[in-house]
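Student: Take a look at this one; I'll ask things after.
What follows is calculated from the coordinates using simple rules that are stated; it is not laboratory data. Not measured: the values here are computed from a predicted model. Virtual Cβ from ideal backbone geometry, glycine too; neighbours counted across all protein chains shown.
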Amino acid sequence: ARRAEERAREGDAEGTNRQLANVLDRIARIEERLAAARAGLPPGLANATGKRIEQATKRVEQARNSEKL
């Protein structure tokens with residue numbers, strides 16, 4: 001995400017989009033791992049974790065769709 005921000009400041013829209021795609025890929029992998037581990041997590045922690053991932057994914061999508069990039 002920091003690299004994407006750096007690319008955006010440099011005016012490198014293509015590099016920014018590439019970095020944001022990498023962030024989305026990482027979030028997806030983390031989400032898969034957490035989904036596999038959720039059975040062993042307490043319900044409150046499982047729900048909180050899921051919500052944080054949703055928020056992170058939403059923020060990346062918002063950044064990706066921003067006209068400023």
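Student: Does the range 6-17 hold any residues that are exposed (fewer than 14 other Cβ atoms within 10 Å of the Cβ) and under 16 Å from residue 65 (Cβ atoms), and which are they?
Tutor: If we filter the range 6-17 for residues that are exposed (fewer than 14 other Cβ atoms within 10 Å of the Cβ), which is where we start, we get 6, 9-11, 13-14.
Of everything in the range 6-17, those that are exposed (fewer than 14 other Cβ atoms within 10 Å of the Cβ) and under 16 Å from residue 65 (Cβ atoms) turn out to be 13, 14.
Student: Going by what's in this entry, would residue 8 be described as in contact (Cβ under 8 Å) with a residue 60 or more places away in the chain and either charged (D, E, K, R) or in a helix (DSSP H, G or I) (or both)?
Tutor: Working: in contact (Cβ under 8 Å) with a residue 60 or more places away in the chain: yes; either charged (D, E, K, R) or in a helix (DSSP H, G or I) (or both): yes.
Answer is yes for this residue.
Student: Step by step: first the residues of the range 43-69, then only those that are assigned to a loop (DSSP other than H, G, I, E, B) and in contact (Cβ under 8 Å) with a residue 12 or more places away in the chain, then the one that is surrounded by the most Cβ atoms within 10 Å (Cβ to Cβ). Which residue is that? Break it down into steps so the answer makes sense when it comes.
Tutor: Initially, the range 43-69 is screened for residues assigned to a loop (DSSP other than H, G, I, E, B), giving 66-69.
Narrowing the set further to residues that are in contact (Cβ under 8 Å) with a residue 12 or more places away in the chain leaves 68-69.
Working: 68: 7, 69: 16.
Across the range 43-69, the extreme among qualifying residues is 69.
Student: Please determine whether any residue of the range 19-42 is surrounded by 12 or more Cβ atoms within 10 Å (Cβ to Cβ) and not in a helix (DSSP H, G or I).
Tutor: Checked against the condition, which is being surrounded by 12 or more Cβ atoms within 10 Å (Cβ to Cβ) and not in a helix (DSSP H, G or I), the range 19-42 yields at least one hit.
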